[in-house]
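The values are calculated or read from the model by the stated rules, or taken from the named source; none is laboratory data. Quantities reported herein were computed from a predicted structural model and do not represent experimental measurements. FYI the Cβ positions are ideal-geometry reconstructions off the backbone, even for glycines, and counts take in every protein chain you see.
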Amino acid sequence: MPAARELLLDAAFTALGARPWHGVRMVDVAAAAGVSRQTLYNEFGSKDGLARALVRREADAFLAGVRRCLADTTAQGGADAGDCCAAAAIWTLRAARANPLVRAALTGCRGERLPAAATPVVPAQRGPGGVLSVRGTPTPGALAERIRDSTIGAIGDTVRQAAPDGPYDTLRACEAAVRLTLSYVVVPAASDEAAAEEIARLVRVLLSSPDPTAGVR
């Protein structure tokens with residue numbers, strides 16, 4: 001049986017699908033989870049604490065999905081940087097459409113139905129393996145960076161190319177891909193597949209083009 005914390009988060013997520021966050025009552029969340037209201041407050045401290053935990057959980061699940069889709073893409077063999085960025089893009093677009101909390105975390109646009117954004121408790125920090133972690137509600141910038149870093153890890157090239165007039169490095173190409181993906185979250189393309197094709201094309205062009213900043217001082 002899931003722990004009380006997960007039951008409460010599930011109940012809060014379900015409640016949010018039926019009414020705006022300001023209309024979600026702690027007593028109803030506790031009842032739906034089958035625990036006491038005191039247990040709810042012991043776990044999260046307040047309604048704001050519950051909101052932060054809920055957004056963090058959905059953001060973590062989204063990022064885990066990004067890593068899974070990248071692993072599946074590279075496991076097939078023959079995938080290039082464009083394929084990896086396209087896979088991450090499709091997952092991101094579908095997750096943002098299916099989950100309003102993911103969309104809000106990615107764009108910073110919450111509207112009246114969702115919990116208000118909360119300032120992180122501490123600044124973003126690098127954890128084991130250089131993974132960026134944020135305590136509090138994850139910001140769009142932090143999520144974009146984590147998508148980018150996961151994509152770079154899947155591609156397997158984290159070192160900037162040394163040639164002063166060489167092609168764009170993988171980091172900047174992936175950065176551009178993530179930011180283009182987020183633009184499609186806000187203004188959708190004709191289809192997710194069409195958006196992914198454009199993103200893959202951009203990455204391949206960037207990685208085969210001269211660096212326009214080379215030699216600039």
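One line per residue, one yes/no per condition, for (1) at pLDDT below 95; (2) farther than 14 Å from PRO138 by Cβ; (3) hydrophobic (A, V, I, L, M, F, W, C); (4) surrounded by fewer than 18 Cβ atoms within 10 Å (Cβ to Cβ):
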site	(1), (2), (3), (4)
PHE62	no, no, yes, no
ARG68	no, yes, no, yes
ARG94	no, yes, no, yes
GLY108	yes, no, no, yes
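Here ALA88 fulfils each of the conditions (1) within 25 Å of LEU180 (Cα to Cα); (2) in contact (Cβ under 8 Å) with a residue 12 or more places away in the chain; (3) over 23 Å from the mean Cα position of the chain (by Cα) apart from (3).
Looking across segment 73-85 at every residue that is touching a residue at least 12 places away in the same chain (Cβ under 8 Å) and assigned to a helix (DSSP H, G or I), the one that is nearest to ALA105 (Cα to Cα) is identified as CYS85. Is it true that THR74 is under 18 Å from the mean Cα position of the chain (by Cα), at pLDDT below 95 and hydroxyl-bearing (Ser, Thr, Tyr)? In short, no. Within the set LEU50, LEU93, LEU70, LEU63, the sole residue that is assigned to a helix (DSSP H, G or I) and not assigned by TED's automatic domain parsing to the domain that holds ALA195 turns out to be LEU50. Inside segment 32-47, can you point out the residues that are under 21 Å from LEU114 (Cα atoms) and part of a helix (DSSP H, G or I)? Across segment 32-47, the qualifying residues are ALA32, ALA33, LEU40, TYR41, GLU43, PHE44, LYS47.
Is it true that ALA18 is more than 23 Å from VAL102 (Cα to Cα), surrounded by fewer than 17 Cβ atoms within 10 Å (Cβ to Cβ) and not assigned by TED's automatic domain parsing to the domain that holds ARG113?
Numbers: more than 23 Å from VAL102 (Cα to Cα): no; surrounded by fewer than 17 Cβ atoms within 10 Å (Cβ to Cβ): yes; not assigned by TED's automatic domain parsing to the domain that holds ARG113: yes.
No; evaluated as a whole, the condition is false for this residue.
Under the condition of being under 11 Å from the mean Cα position of the chain (by Cα) and either of a type in the set (A, V, I, L, M) or in the same structural domain as GLY17 (by TED's automatic domain parsing) (or both), the residues counted in segment 96-106 number 6. State yes or no: is GLY136 at pLDDT below 95, assigned by TED's automatic domain parsing to the domain that holds GLY111 and under 19 Å from CYS109 (Cα atoms)? So GLY136 fits the description; yes.
Test ALA116 against the criterion of being under 24 Å from PHE13 (Cα atoms), part of a loop (DSSP other than H, G, I, E, B) and at pLDDT below 95, and give yes or no.
Taking the combined requirement at face value, the residue satisfies it.
Out of segment 63-74, which residues are over 11 Å from SER150 (Cβ atoms) and of a type outside the set (Ser, Thr, Tyr)? Within segment 63-74, just ASP72 meets the criteria.
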